[in-house]
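Data first, discussion second: the structure below is written as structure tokens.
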Amino acid sequence: MKAAVVTEFGKDLVVKDVEIPTPGKGQALVKLITSGVCHTDLHAATGDWPVKPSPPFIPGHEGVGEVVALGEHAEGLKIGDLVGSAWLWSACGDCRFCRTSWETLCENQVNGGYSVDGSFGQYMLVDARFAVKIPEGSDPVEISPILCAGVTVYKGLKMTEARPGQWCVISGIGGLGHIAVQYAKAMGMRVIAVDVAHDKLTLAKKHGAEIVINAMNEDPAAAVQKATGGGASGVLVTAVHPSAFGQAIGMARRGGTIVFNGLPPGEFPASIFELVLKGLTVRGSIVGTRQDMAESMEFYSRGVIKPTVSTRRLDEINTVFDEMKHGKIDGRVVIKY
Ligand code: NAD
Ligand code: ZN
Ligand code: ZN
């Protein structure tokens, strides 16, 4: 099969022939139809994070395809099923996190396109317990980004604890952010979008943001405070620059919650005085559980979420990464096999 392989961090991916994997116990082989390209795949290929994958590996964790072979005991799946892969490729199911609806924090989890080969190839393996059932009638191109971007921001927004009618800031309107604007709106929040690129803010407006702020032209914290008369109840950061993280704290209302989804390498400054006096909560949020996934898919099926997507071929992956690095992608790029 053809796959895009990371052979060395920071180098172009090599699109080449590799062996089709064989499903083991509890696994299925999936013939891919589409795969979204997440900024996490770029972090993986660059070796950006402290815990690194081991080259050679195949990135990708927004794959949609058809089950074509089953390993032993691949319960709940049959040949011909349309399934998706996720970052949470599997978890142990038996630790304190897995037992308490926090499988996303399982220390024995396996991550798609990171610790196991992912969806940047014509075939991939899935764990039958964690394979995502793709709702009937879905467009594989459109639903691909829900598998990571969608579930991540849906969970992230829940973690902000912002209520219907309250202000919520989405900082970073890329693959994750443009979908976050739509979920926030569907969840009844009033949306402010922040980015550093004009075209991203146009996209945010199209998807329902009431106010847009270009952080290149004005201090986004001051602008949010002014527009909301005291700050936003929830702030969701999906941006890929550390500066957005420090600014997010200044956007929150007293008692508000700031949730970090974005994962650029680096650190940010935070005023202890501001955090304490304003009673702020800052928390990280990583993807979502299988239940979050099912809920986020339902929003798509109801037609209230419609990712902005453009399709490319697998052998264009290095161009796609280059465009992603330079913030040149509108919404999400999806590879079509
Ligand atoms: P993307 O490249 O599609 O979008 C990033 C956006 O950030 C772009 O619109 C860019 O213009 C914007 N941006 C850059 N600097 C900014 C700044 N200073 N202020 C505001 N906006 C700024 O990336 P993506 O696929 O949406 O992923 C975003 C981040 O989320 C990545 O770091 C990725 O690894 C991470 N991620 C985390 C999870 C999770 O579970 N926590 C899941 C998926 C992705
Ligand atoms: Zn992702
Ligand atoms: Zn576990």
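The values are calculated or read from the model by the stated rules, or taken from the named source; none is laboratory data. Just so it is clear, the model here is predicted, and its values are computed rather than measured. Using ideal geometry, Cβ is built from the backbone for each residue, glycine included, and neighbour counts are taken over all protein chains shown. Quick note on the areas: whole protein, heavy atoms, side chains included, nothing else; ligands and nucleic acids left out. Shrake-Rupley method; radii C 1.70, N 1.55, O 1.52, S 1.80 Å.
Restricting Leu42, Leu70 to those that are of a type outside the set (D, E, K, R) and within 17 Å of the chain's Cα centre (by Cα) reduces the list to Leu42. If the condition is being in contact with a Lys or Arg (Cβ under 7 Å, 6 or more places away or on another chain) and more than 16 Å from ligand 2 (Cβ to nearest atom), then region 260-298 contributes Lys278, Gly279. Where residues in region 77-104 are within 14 Å of Arg290 (Cβ to Cβ) and of a type in the set (Gly, Ala, Ser), which of them is nearest to the chain's Cα centre (by Cα)? Among those that are within 14 Å of Arg290 (Cβ to Cβ) and of a type in the set (Gly, Ala, Ser), it is Ala86.
Results for (1) touching a Phe, Trp or Tyr at 6+ places or on another chain (Cβ under 9 Å); (2) surrounded by fewer than 17 Cβ atoms within 10 Å (Cβ to Cβ), shown as yes or no for each residue.
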| residue | (1), (2) |
| --- | --- |
| Cys38 | yes, no |
| Trp49 | no, yes |
| Val64 | no, no |
| Gly71 | no, no |
| Lys78 | no, yes |
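Scan the strands (runs of 3 or more DSSP E) fully inside region 147-222 and keep the ones with 2 or more residues being surrounded by 24 or more Cβ atoms within 10 Å (Cβ to Cβ).
Working: elements: 167-171, 190-195, 211-214.
Qualifying strands (runs of 3 or more DSSP E): 167-171, 190-195.
Within region 308-336, if we keep just the residues that are within 17 Å of Leu32 (Cα to Cα) and in contact with a helix residue (DSSP H, G or I) (Cβ under 7 Å, 6 or more places away or on another chain), the residue that is most open to solvent (accessible area, probe 1.4 Å) turns out to be Lys336. Restricting to region 11-23, name every residue that is open to solvent by 30 Å² or more (accessible area, probe 1.4 Å) and either within 20 Å of Ala91 (Cα to Cα) or touching a strand residue (DSSP E or B) at 6+ places or on another chain (Cβ under 9 Å) (or both). Correct list: Val14, Val15, Lys16, Asp17, Val18, Ile20, Pro21, Thr22. When we screen Pro135, Pro145 for residues that are of a type outside the set (Val, Ile, Thr), touching a Cys at 6+ places or on another chain (Cβ under 9 Å) and more than 16 Å from ligand 3 (Cβ to nearest atom), the only hit is Pro145.
Considered as a group, the residues in region 47-102 that are aromatic (Phe, Trp, Tyr) and touching a residue at least 60 places away in the same chain (Cβ under 8 Å) include one that is farthest from Ala149 (Cα to Cα), and that residue is Phe57.
Residues of region 9-26 that are touching a Pro at 6+ places or on another chain (Cβ under 9 Å) and either polar (S, T, N, Q) or within 25 Å of Asn108 (Cα to Cα) (or both): Phe9 alone. The test for being in contact (Cβ under 8 Å) with a residue 24 or more places away in the chain, under 18 Å from Gln122 (Cα atoms) and of a type in the set (Phe, Trp, Tyr) does not hold for Phe9.
Here is a yes/no grid of residues against (1) within 16 Å of ligand 2 (Cβ to nearest atom); (2) assigned by TED's automatic domain parsing to the domain that holds Ile179; (3) outside any loop (DSSP other than H, G, I, E, B); (4) not charged (D, E, K, R):
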site	(1), (2), (3), (4)
Gly60	yes, no, no, yes
Ala69	no, no, yes, yes
Glu75	no, no, no, no
Cys95	no, no, no, yes
Ser119	yes, no, no, yes
Phe130	yes, no, no, yes
Val141	no, no, yes, yes
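Test Ser243 against the criterion of being small (Gly, Ala, Ser), within 28 Å of Lys278 (Cβ to Cβ) and crowded, with 20+ Cβ neighbours inside 10 Å, and give yes or no. In short, no. With respect to the conditions (1) more than 24 Å from Val237 (Cβ to Cβ); (2) touching a Cys at 6+ places or on another chain (Cβ under 7 Å), Thr100 falls short on a single one, namely (2).
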